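K.L.:
Below: one structure in structure tokens.
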Amino acid sequence: MDRRGRTDYPVPPFARAAPCPLRSPLRPMFLSSLLVAVVENSRRHAALVALLAVVVAALSLWAASTRLGVTTDTDTLFAQNLPWRQQEIAYDKLFPQFTNQVVAVIDARIPEEADATAAALAAALKADPAHFRTVTQPDASPYFTREAFLFLNTQDLTDLLNKTIDAQPFLGQLAQDPSARGLFAAINLMAVGVQHGDADLGPYAPSLEAFHQALAAAAAGHPQPLSWENLLAGSIAAQGGKFRFVLAQPVLDYGALQPGGAAIASLRAAAANLEFVKAGTARVRVTGSVQLADEEFATVAQGALAGVIGSILLVVLWLTLAVKSWRLIVPILLTLVLGLSITTGFAAIAVGVLNLISIAFAVLFVGIAVDFAIQFSVRYREMRHLYDDPARALAETARRVGPQILVAAAAVAAGFFAFVPTDFKGVAELGMIAGSGMIIAFLTTIFFLPAVLTLFRPRAERGEIGFRAANALEQQLFRAHWPVLGVFAALAVAGVALLPTLQFDSDPLHTKNPNTEAMRTLADLLNSPLYNPYSVEILSPDLAAADAVAAKLRALPLVQGVRTLSSFVPSDQKPKLALVADAANILDPTLALGAPAAPVTPGDIRLAAKSAATHIDQITDKLKPGDPLLEIGDDLKSLATAPDATLVAANRALIMFLPMQLARLRTALDVQPVTDADVPPEIRRDWVLPDGRARVQAVSKSMARDSRGLHAFVAQVETAAPNAGGSAVGIVETAATIIGAFRSAAIGAICAIAVILLLVLRRVVDAALVLAPLLLSALMTVVIAALLPLPLNFANIIALPLLLGVGVSFNIYFVMNWRSGQDRFLGSATARAVVFSALTTATAFGSLALSRHPGTASMGDLLLLSLGCTLIASLIFEPTMLRTIPRRKPDAA
């Protein structure tokens, strides 16, 4: 009996084909009866069910708060029993000094400032054992200073030694008096040499220009240290590179959201107090695996709160449009909160630590589970239009839509569970949590939602539920059904054709925010053999075998450079030693340390400046206009009249690094032959293990740093070294693991879903009617992703299980309605629920698409794209296809 006392209640147009509105589309009947009994029991004990739900939610949240963690370590995304992961783990145990590193990258105005900053930073970090376990400077070993000349090629060495010998008088004056007084006296000697025609200053023009810049700055009261390394070595000084490195292994706090946060904060504080950093002439940037992981988590979390708030507001808006009443909106939201709380508690117990992929379970849960609650609530509105009695309406809702939600939940869960056995642990854990979440969502929808609806007492509906205007659209689609189906067939063919072109970007660096300090710094280091992220590592039985492998690798076209321990032993030593010995015979007397010069005073500096300026004035007719020596003369005149404080500051800046460079020159001239036995232990331990096994490192050329190039690079290296490992091999193997996992899981998911559909629907055709739009939406997604292009990566590839989940649930509703005799779809309450469910899901995914983290954003982009394709297939293709199939006798009750 309806609310007006009538028993001949009006039947909405979309239900008139059914012989009895009470009939269930499922057999056997006990399933429908069981669900009705559950809902009825929840209704009768609504307050108790709600109280139990609060208790369960509280326990779940307590478990999550005490046991659930998050890691940004991408190594946790893959099973450890994979051969390439076992190789990585074994390598890390052999060379633990390369794991969990913070890399401080220092660059400065001049090389000496970079060296001094790096040395001071290393000293500060070594004095902080609370935050750092080990600290090294791989490019600052005294060994490199001692053997500096031997590491140059013969031509560069010859040029450098000849230039140094030519500057012997100048260097002699500085060696005897390393002060501004001595420097001005040396400049005086230059002027005298020009006056007598004994000096050609042309080759020294760059050095003289550097002197002018330093003197002018000092005279203006802004002294800056002079680079004697650049002056003495010229362009050869640049061969050492502009960066200096400090490598540290921090003490990690795994209980914190950013395990390296405290150590990196300590490093930054130490760097901020360094002399040249404070002066603004040197900078310290931080990169390395620890900083990359910490920044990645910060990027993922950035804006998350605002995104969540925005998503909640939009979800409320869609729910308002879907169900029209706060008495229905609040129960739906409470059901979602309960289901998400229980699922989070389950995740805490099942996995304990979420990774960068499994953390997306919350978004997937909301995006899919909301469909169950919306379907139940919208169909409840439909029943409330038919029945005045809320209890009868709840029972009929459970009878009609309960089995549909159960089948949808089972199929979606099966799709997720298919990923559990894969080696892609990140998605395997996501599959386990999300699959279980679908079961939890069904249970909360059937047990909890009816109880809350009873407590909130939604009012009866006055009008029909559905989109009346959509009936006309459906008629148009039916009239043009063959062209419509033809367009979708063409899209499916295009998807199959474009499937091989779909790109997979296997580089995990491309899923990180390129604008963070760690990523920008890493980009600057791509050509550095010390910290190139695209390298291959080979472990050989001994050094001789390592050198043999290195020789093969150097011949490969995609290999930029190869290093072994032998790379630290200079080649062609005999002719180089002879050159250095000849230069030492000439320069040693000049550079020999004598009695210390008298302390310099401002008066001494002023007098030396006046003397040098006077001699330069005497040779102006022999110098070309703009000659640096003329400018130096003007600078010296300014200094000659400067206050004492200016002269003292100028003296410090001009000769700050002179004694160090003279000492390095003396050391380098005293070189002796070296063998690999002379390589110091701090270098040797990075290349040779105690048992004699030796490490080989090969670095790729720039052309081999995209996905295709890396695969080619690794393939080339493995022809010479089949046991190769390292970051480049890891990236390639990661891609193979991910693709293999999704291929097998997709096949398993589709088979599992098909089995469930066959068991429930018991007709191959009906199961095919559910799967056809699902496959079509996948192929449509391929078409758009290939044309954009939107490459797959290890983050956004989880759109596949979502596509299966959403597509299956939407299609099941329509097919099961069609089985019950319904022949109108787009104007039905089911279609209304599907549309608003899709909008709610899109809102959740949109928050991901707006993330500043590229991996998360690409995940959101692909999820939105696949959702759009799924919605088109479900709302246009599916109804058109169903209406094209001849009517059949509805399922019996």
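The values are calculated or read from the model by the stated rules, or taken from the named source; none is laboratory data. The structure presented is a predicted model; accordingly, all values stated were derived computationally and were not measured. Virtual Cβ from ideal backbone geometry, glycine too; neighbours counted across all protein chains shown. Calculation scope for accessible area: heavy atoms of the full protein, side chains included, ligands and nucleic acids excluded. Shrake-Rupley method; radii C 1.70, N 1.55, O 1.52, S 1.80 Å.
K.L.:
Near the amide H of Leu354, under 5 Å away, which other amide H atoms are found, from residues 5 or more places off or on another chain, if H is placed in the peptide plane?
P.N.:
Gly69, Val70, Thr71
K.L.:
Quick one: how many Å² of Asp686 are accessible to a 1.4 Å probe, rounded to 10?
P.N.:
The accessible area of Asp686 comes to roughly 40 Å².
K.L.:
Could you pull out which residues in the range 813-838 have an amide N less than 13 Å from a spot 7 Å beyond the Cα of Val765, following the Cα-Cβ vector?
P.N.:
Residues passing the 13 Å test: 819.
K.L.:
To the nearest 10 square angstrom, what accessible area does Asp678 show with a 1.4 Å probe?
P.N.:
70
K.L.:
Using heavy-atom solvent-accessible surface (probe 1.4 Å) with all chains present, what is the largest-first order of Trp482, Trp326, Trp228, Trp84?
P.N.:
The ranking, largest first, comes out as Trp482, Trp326, Trp84, Trp228.
K.L.:
Hey, another quick one. Is there a quick way to get the dipole size of the range 157-262? I mean about its Cα centre, with the Cβ of Lys and Arg at +1 and of Asp and Glu at -1; what is the value in debye to the nearest 20?
P.N.:
Values: 4 positive and 8 negative charges, 49 e Å.
Here the size comes out at about 240 debye.
K.L.:
Also: For the range 392-434, what relative contact order do you get, as a whole percent, if you take Cα pairs closer than 8 Å and at least 6 residues apart?
P.N.:
On the way: 20 pairs, mean separation 11.9, N = 43.
The normalised contact order for the range 392-434 reaches 28 percent.
K.L.:
Continuing with this model, one more query. What ranking of His196, His45, His385 comes out by heavy-atom accessible area, probe 1.4 Å, highest first? Walk me through the numbers before you get to the answer.
P.N.:
Values: His196 120, His45 85, His385 40 Å².
Of His196, His45, His385, the descending order of accessible area is His196, His45, His385.
K.L.:
With n ≥ 4 as the cut-off for DSSP H runs, can you work out [θ] at 222 nm for the chain, using -39500 (n - 2.57) per run divided by the number of residues, rounded to the nearest 500? Don't skip to the answer; put the middle values down first.
P.N.:
Values: 36 runs with 553 residues, N = 893.
-20500 deg cm²/dmol, from helical runs alone.
K.L.:
Now for a different question. Identify the residues of the range 81-117 with backbone N under 16 Å of a label point that sits 7 angstrom from the Cα of Arg268 along the Cα-to-Cβ direction, or state none.
P.N.:
102-105
K.L.:
Residues with beta-carbon under 9 Å from that of Ser325, excluding Ser325: net charge, scoring Lys, Arg +1 and Asp, Glu -1? Numbers along the way, then the final one.
P.N.:
Details: positive: Lys324, Arg327, Arg381, Arg459; negative: none.
Its environment carries a net charge of +4.
K.L.:
Could you size up the charge dipole of the chain around its Cα centre, putting +1 on the beta carbon of Lys and Arg and -1 on that of Asp and Glu, and report it in debye to the nearest 20?
P.N.:
The calculation lands at about 5620 debye.
K.L.:
Evaluate the distance, in nm, between pseudo-label points positioned 7 Å from the Cα of Ile89 and of Ala123 along their respective Cα→Cβ axes.
P.N.:
4.3
K.L.:
For each pair in Lys242/Lys278; Lys278/Lys610; Lys278/Lys637, compute the distance between the two Cα atoms and list the pairs where it is over 22 Å.
P.N.:
On the way: Lys242/Lys278 19 Å; Lys278/Lys610 34 Å; Lys278/Lys637 31 Å.
Correct reply: Lys278/Lys610; Lys278/Lys637.
K.L.:
Which value, in Å² rounded to 10, gives the accessible area of Phe170 with a 1.4 Å probe and all protein chains present?
P.N.:
Phe170 has an accessible surface of roughly 30 Å² with all protein chains in place.
K.L.:
I'd like the distance between the alpha-carbon centres of the range 823-882 and the range 321-384, rounded to an integer number of Å.
P.N.:
16
K.L.:
Which of the lysines could a cross-linker bridge to Lys512, judged by Cα under 25 Å and excluding same-chain residues fewer than eight apart?
P.N.:
Answer for Lys512, where 25 Å is the Cα cut-off: Lys425, Lys701, listed by chain and number.
K.L.:
What does the extension gain come out to for Thr66 and Ala130, with contour length at 0.36 nm per residue minus their alpha carbon separation?
P.N.:
Numbers: separation 64, 0.36 × 64 = 23.04 nm, distance 2.63 nm.
Net length gain for the segment: 20.4 nm.
K.L.:
Local charge sum around Gly172 (other residues, Cβ-Cβ under 14 Å, Lys/Arg +1, Asp/Glu -1)?
P.N.:
Working: positive: Arg666; negative: Asp166, Asp177, Asp588.
In short, -2.
K.L.:
Which lysines does Lys576 reach when only Cα atoms under 22 Å apart count, and residues fewer than 8 places away in its own chain are ignored?
P.N.:
Here the lysines satisfying the reach criterion relative to Lys576 are Lys163.
K.L.:
So, counting K/R as plus one and D/E as minus one, what does the shell of residues with Cβ under 15 Å around Leu790 add up to? Provide the component values of the computation, followed by the final result.
P.N.:
Numbers: positive: none; negative: Asp505, Asp861.
After counting each charged neighbour, the total is -2.
K.L.:
Quote the charge dipole size of the range 721-846 about the Cα centre in Debye, to the nearest 20; the model charges only the Cβ of Lys and Arg (+1) and of Asp and Glu (-1). Provide the component values of the computation, followed by the final result.
P.N.:
On the way: 6 positive and 3 negative charges, 72 e Å.
Charge dipole, the range 721-846, about its Cα centre: 340 debye, nearest 20.
K.L.:
Further question on the same structure: Percent of accessible area on the chain owned by carbon and sulfur, 1.4 Å probe?
P.N.:
On the way: 23310 of 36930 Å².
Accessible surface attributable to carbon and sulfur in the chain totals 63 percent.
K.L.:
Using amide H atoms built 1.01 Å from N in the peptide plane, name the residues 5+ places from Gln224, or on other chains, whose amide H lies under 5 Å from its own.
P.N.:
It is Ala218, by chain and number.
K.L.:
Let me ask something else. Distance from a point 7 Å along Cα→Cβ of His481 to each backbone N in the range 809-843: keep the residues under 18 Å and list them by number.
P.N.:
Residues passing the 18 Å test: 814-828.
K.L.:
Aspartates and glutamates within cross-link reach of Lys622: Cα-Cα under 20 Å, excluding same-chain residues under 8 positions apart?
P.N.:
Candidates past the 8-residue exclusion: Asp198, Asp200, Glu209, Glu631, Asp634, Asp635.
K.L.:
Can you list the DSSP H helices in the chain whose Cα atoms extend at least 15 Å along the helix axis and whose mean Kyte-Doolittle hydropathy is 1.6 or higher? Before the final figure, lay out the partial values.
P.N.:
Working: long enough: 29-44 (22 Å, 0.76); 46-67 (31 Å, 1.93); 83-94 (17 Å, -1.34); 111-126 (22 Å, 0.33); 154-166 (18 Å, -0.58); 180-195 (22 Å, 1.26); 205-219 (21 Å, 0.69); 261-272 (16 Å, 1.27); 289-301 (18 Å, 0.38); 304-323 (28 Å, 2.54); 326-350 (35 Å, 1.87); 361-386 (37 Å, 0.85); 390-417 (36 Å, 0.83); 425-443 (27 Å, 1.45); 468-479 (18 Å, -0.60); 481-498 (25 Å, 1.86); 543-554 (16 Å, 0.89); 573-591 (25 Å, 0.28); 602-617 (22 Å, -0.13); 628-640 (18 Å, 0.33); 644-655 (17 Å, 0.94); 658-669 (17 Å, 0.49); 707-720 (21 Å, 0.27); 727-761 (49 Å, 2.08); 764-787 (34 Å, 2.42); 799-819 (29 Å, 1.18); 829-849 (29 Å, 1.19); 854-872 (27 Å, 1.27).
Span-like helices, by this rule, are 46-67, 304-323, 326-350, 481-498, 727-761, 764-787.
K.L.:
Which sequence of Val487, Val782 reflects their accessible areas, 1.4 Å probe, from the largest down? Mind dumping the intermediate values first?
P.N.:
Details: Val487 90, Val782 15 Å².
The most accessible residue leads, giving Val487, Val782.
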